[in-house]
Amino acid sequence: MSDLVDIGFLEPCADWLLTNKFFRSKVGGKPAWLELKHLPSPKDILCEECGDPCVFLCQIYAPLDGKENCFHRMLFIFVCLKSSCYKPNQCKNIKVYRSQLARKNDYFSFDPPSEDVPSDPVPSPVPLCVVCGCRGPQLCSKCKTTSYCGVVHQRIDWKHGHKATCGQVANTSSISSILFPQYEIVTEPEEVEPTKKLSEEDNEKDQMNEYRKLVNEGKAGDLEDLTESELDSYAEQSEDKYFLKFRKRIANDPDQILRYERGGNPLWLSPVVPKNITSCDYCGGARVFECQIMPQLLNSLKNDSIDWGTLAIYTCEQSCDPPGQGYAREYIFKQDVLETDSHHSANDQ
């Protein structure tokens, strides 16, 4: 792994500084949308396991130098809140979208706004769900002023306050229980470990690559002759190699919740990795690794229903503009930890 990794940590921040006009990375609350007119549709945010709307997890501000259309660039991640939808090493219940704008655009000022005095966000030209902050095309049939992404959040809001205020106060909601606590994500360069330790890690990686090569060439021995307990033992040892490497790499910064290294490689927890990263849905080009969400974030979300080992995000290498759309869906892989007696959960720091 390269030494050009930026690692992210959570810090408290005034809510008004986490709105869309300040272009900050954050966790929780409602999304601070970038492109404001062509938002993902409610259907785009649905969990593919249960069909319920996913909820905003975090956004990562990641502009690209040398690309005029990527002066502002943001990744948005959404997750389902149902524990039953979290399948091992599968991510049908997690969505990631990319949005980008040139410095001169239809929504935000060319120059950065002042951070000395609180100010309001840039208003959305499309209605937003009062519960989750996503596109809200559906109106309350009674007051016709409060917007929702669909019936699921409308029912939640009705039970938690709107029933008592319907027709009295427009576009307000007392519901906050489905939203995650809000924090800013601040980043800093990772301090590279001593050369000796990195060499040990590289050696382990070389050994694993060599073993895979031998397996593919049929020179690694006859695994079919091994007993089931011997195969389990090997699998556990292989798992532990990755897990221990993961733990060793983050030991100096155990509270990191983000690792950003566009064009680099994820820090994996186990050998269960995606076999094929799909091409960009819009330009057909290759995707590259951009960043990963770390398991330490789970400790701050205050929600026992969600779980992951790490979330690896891959984006279009060219960061293309999807025609007629403000948001491009990208690829995300949820890697989980195989629990064994020899190690604990990765977020048990």
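Some observations on this one:
- Amide N of segment 35-70 lying under 17 Å from the label point, which is placed 7 angstrom from the Cα of Arg103 along Cα→Cβ: 62-70
- Residue exposure proxy: His162, His72, ordered by other Cβ atoms within 10 angstrom of their Cβ from fewest to most, comes out as His72, His162.
- In this simple spin-label approximation, Gln318 and Ser114 carry label points 7 Å from Cα along the Cα→Cβ vector, and these lie 4.3 nm apart.
- The coefficient of translational diffusion for segment 28-121, derived via Stokes-Einstein from the alpha carbon Kirkwood radius under 37 °C and 0.692 mPa s, stands at 217 µm²/s.
- Exceeding the 20 Å Cα-Cα cut-off - candidates Lys82/Lys302; Lys26/Lys159; Lys26/Lys95; Lys21/Lys334; Lys92/Lys334: Lys26/Lys159; Lys21/Lys334
- Going from the fewest other Cβ atoms within 10 Å to the most, the residues Thr315, Thr165 appear in the order Thr165, Thr315.
- Linear extension gain, Ser177 paired with Lys67, 0.36 nm per residue minus alpha-carbon span: 35.7 nm
Coordinate-derived values only; no laboratory data. Because the structure is predicted, anything quoted here is derived from the model rather than measured. Positions of Cβ are generated from backbone atoms using ideal geometry, with glycine treated the same way; all protein chains shown enter the neighbour counts.
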